[in-house]
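Read through the structure below, which is laid out as structure tokens, and then see the notes.
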Amino acid sequence: MTSRSADVVVLGGGSGGYAAAIRSAELGRSVILVEENELGGTCLHRGCIPTKALLHAAEVADNARTASQFGVDASFGGIDAEKVLSYKDTIVTRLHKGLQGLISSYGIDVVNGRGRFVAPDGVEVDGELITGTDVILATGSYPKSLPGISIGGRVITSDQALTLTEIPAKAVILGGGVIGVEFASVWASFGASVTIVEALPRLVPNEDEALSKYLERAFRRRKITAKTGARVTEVAHDDDGVRVTLASGDVLDADVVLVAVGRGPNTASMGYEEAGIVLDRGFVTTDERLRTALPNVYAVGDIVPGLQLAHRGFQQGIFVAEEIAGLNPDPIDETGIPRVTYSHPEVASVGLTEAAAREAFGEEIKTVTYDLAGNGRSQILKTSGAVKLIVAPDDSVIGVHVAGDRVGELIGEAQMLYNLKADAGEAAKFVHAHPTQGEALGEALLAVSGKPLHAHG
Ligand code: NAD
């Protein structure tokens, strides 16, 4: 067997893996990055980037539809699915080229092939042994299905949903989490009739209950049906359509069924367990320094239990590279990682939900909800929603939850408040530009400090 070695070997070139590779190279390490498909992984090729391109096309369609409300004479003539796909592909291709250039500019050795973890210090790729002083596992995740439901034909996951050359007239989406509501939003804007089936009692069930309510209300207005607390008993398909049967007896007919019930870790048949890596329900068990059960072997990204988000992967990759280099970085606070769902309207959050805050801090927490009805910019955009702020008994900001079009951008400021443990009264002194949606966060800070300006009630 031929062999090569480097200071750091990274298995998987997605968000977590390539961030680890870049930071390691910056810190003077030689790096080999093993990737079986394309650099950039799920986020760039089958996740964040292509879905947000579809969501932007959806926004343009909605703008055309509602133009007359703003006195603009335009009309919505329909969607050219092929052109939407080519717009989306152009973005992905450009970013992919940029990423390849970036990786090569750091002198990172990219090995294209499927790696298998065969030794405590290395992986085998197409008959070659690649060893490192440190090894970082970053093999990502795949879309899960449900028992008895096989993916194929009209039953699809987000992977196939991103390449549909026809807009379905009727779509059923299993799962009302992030992927489910983002695709519901896109397809409804493209003209489809959409029903979401969610097992738990509300859409985006990981979010604060208030955000679920805003989203559900907005989706109702958009004629997106949400069947919550619903269980699927059968999905049957033929050439003409798919039929979804629920435990309630309801039968839903559709052209396409999207299964969006979560993503599983890519850890099977990689040699992990055989080599001594400890897995729990398929996820790699690590400590807070992202160390696996084997010395000098780390894991980052979607294979580590927790939020499956690209920006968490980036941060974990950077963390591990710095840990290996002996910089002793601070462990990452998962609660401080911002979460944004890019549907129309958007929902975004950082920190604790009200329920979690009550559990952690008791009944002494303060909450304020500032309605976007009082925010000029949101009125101009004709969007509704709110900023909900949660403050601990010591007055530090411990949760920010927002709903409304474009409010995902507010999470940058919100995460600074949370992560810097900002005192709400101190933060209320900062001036927000008028008219911006950011003012809504400023108004919430003023209100929670007992000096509301435009807050009613
Ligand atoms: P998710 O965990 O967000 O949502 C899955 C949903 O399916 C849950 O609400 C769950 O209750 C529901 N569900 C599970 N079994 C079900 C059943 N039998 N019937 C009906 N509903 C069922 O997962 P996802 O939406 O598939 O997304 C996967 C991952 O990708 C998530 O971690 C998500 O955060 C991430 N992601 C993030 C973004 C973003 O940040 N904007 C976008 C897409 C995906």
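Would you check which residues across the stretch 311-327 are within 13 Å of the ligand (Cβ to nearest atom), surrounded by 22 or more Cβ atoms within 10 Å (Cβ to Cβ) and not basic (Lys, Arg) and list them? The answer is GLY313, and nothing else.
Consider the stretch 163-187 and keep the residues that are surrounded by fewer than 22 Cβ atoms within 10 Å (Cβ to Cβ) and among the aliphatic types (A, V, I, L, M). The one that is nearest to the chain's Cα centre (by Cα) is LEU164.
Tell me which residues, restricted to the stretch 119-133, are out of contact with any Asp or Glu (no Cβ under 7 Å at 6 or more places or on another chain), open to solvent by 30 Å² or more (accessible area, probe 1.4 Å) and not charged (D, E, K, R).
First, the residues of the stretch 119-133 that are out of contact with any Asp or Glu (no Cβ under 7 Å at 6 or more places or on another chain): 119-130.
Subset that is open to solvent by 30 Å² or more (accessible area, probe 1.4 Å): 120-121, 124, 126-129.
The answer is PRO120, GLY127, LEU129.
A Cβ distance below 6 Å, combined with a sequence gap of six or more or placement on separate chains, defines the contacts here; from the stretch 228-250, residues that are free of Cβ contacts under 8 Å to residues at least 40 places away in the same chain reach residues that are among the acidic types (Asp, Glu) in the pairs ARG243/ASP253; THR245/GLU234.
Does GLY301 satisfy the criteria of being among the small types (Gly, Ala, Ser) and either open to solvent by 20 Å² or more (accessible area, probe 1.4 Å) or modelled with pLDDT under 95 (or both)?
Numbers: among the small types (Gly, Ala, Ser): yes; either open to solvent by 20 Å² or more (accessible area, probe 1.4 Å) or modelled with pLDDT under 95 (or both): no.
No: the conditions fail for GLY301.
Might you let me know whether the stretch 40-61 holds any residue that is without any contact (Cβ under 8 Å) to a residue 24 or more places away in the chain and either within 16 Å of the ligand (Cβ to nearest atom) or charged (D, E, K, R) (or both)? Yes.
The number of residues in the stretch 421-447 that are under 23 Å from ILE337 (Cα atoms), of a type in the set (A, V, I, L, M) and in contact (Cβ under 8 Å) with a residue 24 or more places away in the chain comes to 7. Selection of strands (runs of 3 or more DSSP E) fully inside the stretch 331-446 by the criterion of at least 2 residues being within 16 Å of the ligand (Cβ to nearest atom) and surrounded by fewer than 24 Cβ atoms within 10 Å (Cβ to Cβ) returns 339-341. Checking the stated criteria, SER141 turns out to be farther than 25 Å from MET1 by Cβ, surrounded by 17 or more Cβ atoms within 10 Å (Cβ to Cβ) and in contact with a Pro (Cβ under 8 Å, 6 or more places away or on another chain). Of all residues in the stretch 226-262, those that are touching a helix residue (DSSP H, G or I) at 6+ places or on another chain (Cβ under 9 Å) and at positive phi total 1. Pairing residues of the stretch 384-401 that are over 14 Å from SER349 (Cα atoms) with residues that are crowded, with 21+ Cβ neighbours inside 10 Å and aromatic (Phe, Trp, Tyr), at Cβ distances under 9 Å and at least 6 apart in sequence or on separate chains, gives SER384/TYR214; SER396/TYR418.
Tell me, yes or no, whether the stretch 280-298 has at least one residue that is at positive phi, among the hydrophobic types (A, V, I, L, M, F, W, C) and either surrounded by fewer than 22 Cβ atoms within 10 Å (Cβ to Cβ) or away from the ligand (no atom under 16 Å from the Cβ) (or both). Within the stretch 280-298, one or more residues are at positive phi, among the hydrophobic types (A, V, I, L, M, F, W, C) and either surrounded by fewer than 22 Cβ atoms within 10 Å (Cβ to Cβ) or away from the ligand (no atom under 16 Å from the Cβ) (or both). For the stretch 101-154, a residue qualifies if it is free of Cβ contacts under 8 Å to residues at least 60 places away in the same chain and closer than 23 Å to HIS311 by Cα, and the qualifying residues are GLY101, SER104, SER105. For the stretch 109-118, the criterion of being at pLDDT below 95, farther than 28 Å from THR383 by Cα, open to solvent by 20 Å² or more (accessible area, probe 1.4 Å) and out of contact with any Lys or Arg (no Cβ under 6 Å at 6 or more places or on another chain) is satisfied by at least one residue.
For the stretch 124-141, the criterion of a residue being closer than 30 Å to ALA230 by Cα and within 16 Å of the ligand (Cβ to nearest atom) is satisfied by at least one position. Pairing residues of the stretch 175-190 that are closer than 13 Å to ALA161 by Cα with residues that are within 12 Å of the ligand (Cβ to nearest atom) and in a helix (DSSP H, G or I), at Cβ distances under 6 Å and at least 6 apart in sequence or on separate chains, gives ILE179/SER158; GLU182/THR51; PHE183/ALA161; VAL186/LEU54; VAL186/LEU55.
The values are calculated or read from the model by the stated rules, or taken from the named source; none is laboratory data. Nothing here was measured: the structure is a model prediction, and the numbers come from that model. Neighbour counts run over all protein chains shown; Cβ positions are idealised from the backbone, glycine included. Protein only, heavy atoms only, side chains kept; ligands, DNA and RNA dropped before computing areas. Shrake-Rupley method; radii C 1.70, N 1.55, O 1.52, S 1.80 Å.
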